[in-house]
Amino acid sequence: MNILITGAASGIGRGLALKLARPGVSLQLCDHAADGLAETARQCDERGARSVPKVLDTRDRQGMADWIATASGERLDMAFLCAGITGGLPPEANDGLVLEREERVWEMLDTNLTGTLNTFFPVVQAMRRQKRNGENLRGRICVMASIAGFVCYPGTPSYSASKVALDRFVVANAARLERFGISLTSVCCGFVDTPMVTQNRFPMPGLISTEDAVGRILRGTLRQTRRVIFPGWLVMGSRLMDLLPPRLAERYYVTQPSAQPAGMPDF
Ligand SMILES: NC(=O)c1ccc[n+]([C@@H]2O[C@H](COP(=O)([O-])OP(=O)(O)OC[C@H]3O[C@@H](n4cnc5c(N)ncnc54)[C@H](OP(=O)(O)O)[C@@H]3O)[C@@H](O)[C@H]2O)c1
């Protein structure tokens, strides 16, 4: 079994790698954070897996294509596209403007959307050359979107935008790719207790452990679930809020601690 994971130095990517690590499993692990990646690889090898770490920025399109062409080897069974960043609003400017920093918005879209697509396409190219397995599949691809993509959240506009784009891209392609033998799963989850959220300075409703999240993501991917969602009540609430006229929904959202300027690190 050969499995590729981006964002493997931390949080959900690392959690997936550790959960999947066992004898007979090769893990192609990518992250731009070298130390964290080496630590994930070490722990996976301790569990009997064969880890192959690659320090690489997913925004490097050619680098990702070259790496995946090699890392996919004779067969690539699964790919988990986890590399991503988040961020909130900076403090209010002197003239009263509150707006995400432009360079941070580009970084968010480049990382969360372009970086994921830089991974997705070479993975599909690798899988399309493979024969179908006993489950009639050439491979499985799981992409980390977010509940943030279900709402126009004023605390994280570019994060919400990047994640709704990912979710729509994945789910919209899922039927055709599945017919071809490639299963696609989009994960739209709420807060998961990883380093990504440790600096948040507000209560995180429904926060769940990385281990719990990893279990759900893995089960959903193996069952070929189109969209893995949790926690259900938060997804339902977000969906309902999104049905409201925007001016009504934003009356509630702008009062939330997480939507305040400097309520969340803007990095
Ligand atoms: N935690 C949550 O509550 C939550 C909820 C919904 C969805 N998600 C999504 O789940 C995914 C994993 O999140 P997480 O919570 O596990 O975050 P995390 O702990 O910060 O892990 C993400 C990893 O990706 C790396 N990374 C960022 N940009 C990269 C790039 N351009 N190239 C290569 N590696 C890069 C990060 O490095 P740095 O630390 O150096 O940036 C980090 O090691 C993300 O896509 C996130 O948006 C998370």
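The values are calculated or read from the model by the stated rules, or taken from the named source; none is laboratory data. The structure presented is a predicted model; accordingly, all values stated were derived computationally and were not measured. Here the Cβ is made from the backbone with ideal geometry for all residues, glycine too, and neighbour counts use every protein chain on show.
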- Residues located in the stretch 1-16, provided they are within 26 Å of Arg132 (Cβ to Cβ) and buried (at least 24 other Cβ atoms within 10 Å of the Cβ): Leu4, Ile5, Thr6, Leu16
- Note on the structure: Flagged in the stretch 163-201 as among the hydroxyl-bearing types (Ser, Thr, Tyr), out of contact with any Ser or Thr (no Cβ under 8 Å at 6 or more places or on another chain) and under 22 Å from Leu109 (Cβ atoms), in numbering order, are Ser186
- Message: Take the conditions under 22 Å from Arg101 (Cα atoms) and not aliphatic (A, V, I, L, M) and apply them to Thr198. Does it pass?
- Response: yes
- Tell me which residues, restricted to the stretch 1-16, are closer than 16 Å to Gly84 by Cα and not hydroxyl-bearing (Ser, Thr, Tyr). Leu4, Ile5, Gly7, Ala8, Ala9, Gly11, Ile12, Gly13, Arg14, Gly15, Leu16
- Filter the stretch 76-122 down to the residues that are buried (at least 24 other Cβ atoms within 10 Å of the Cβ) and among the hydroxyl-bearing types (Ser, Thr, Tyr), then identify the one that is farthest from the ligand (Cβ to nearest atom). Thr119
- Give the residues of the stretch 23-57 that are under 16 Å from Ser72 (Cβ atoms) and near the ligand (Cβ under 10 Å from one of its atoms), sorted by residue number. Cys30, Lys54, Leu56
- Item | Val214 vs. criteria within 30 Å of Arg138 (Cβ to Cβ), touching a Phe, Trp or Tyr at 6+ places or on another chain (Cβ under 9 Å) and either surrounded by 13 or more Cβ atoms within 10 Å (Cβ to Cβ) or at pLDDT below 95 (or both) | no
- Quick check: anything in the stretch 69-80 over 16 Å from the mean Cα position of the chain (by Cα) and of a type in the set (Asp, Glu)? yes
- From the list Val214, Val164, which residue is within 16 Å of the chain's Cα centre (by Cα), more than 11 Å from the ligand (Cβ to nearest atom) and closer than 15 Å to Met144 by Cα? Val164
- Task: Grab the helices (runs of 4 or more DSSP H) fully contained in the stretch 210-267, keeping just those with 2 or more residues being touching a helix residue (DSSP H, G or I) at 6+ places or on another chain (Cβ under 8 Å) and among the hydroxyl-bearing types (Ser, Thr, Tyr).
- Result: 246-253
- Pairs, first more than 16 Å from the ligand (Cβ to nearest atom) in the stretch 175-196, second of a type in the set (Lys, Arg), C-beta under 7 Å, six or more apart: Gly181/Arg132; Gly181/Arg138; Ile182/Arg138; Ser183/Arg140
- For residues that are surrounded by fewer than 16 Cβ atoms within 10 Å (Cβ to Cβ) and under 20 Å from Lys19 (Cβ atoms), tally how many sit in the stretch 165-196. 1
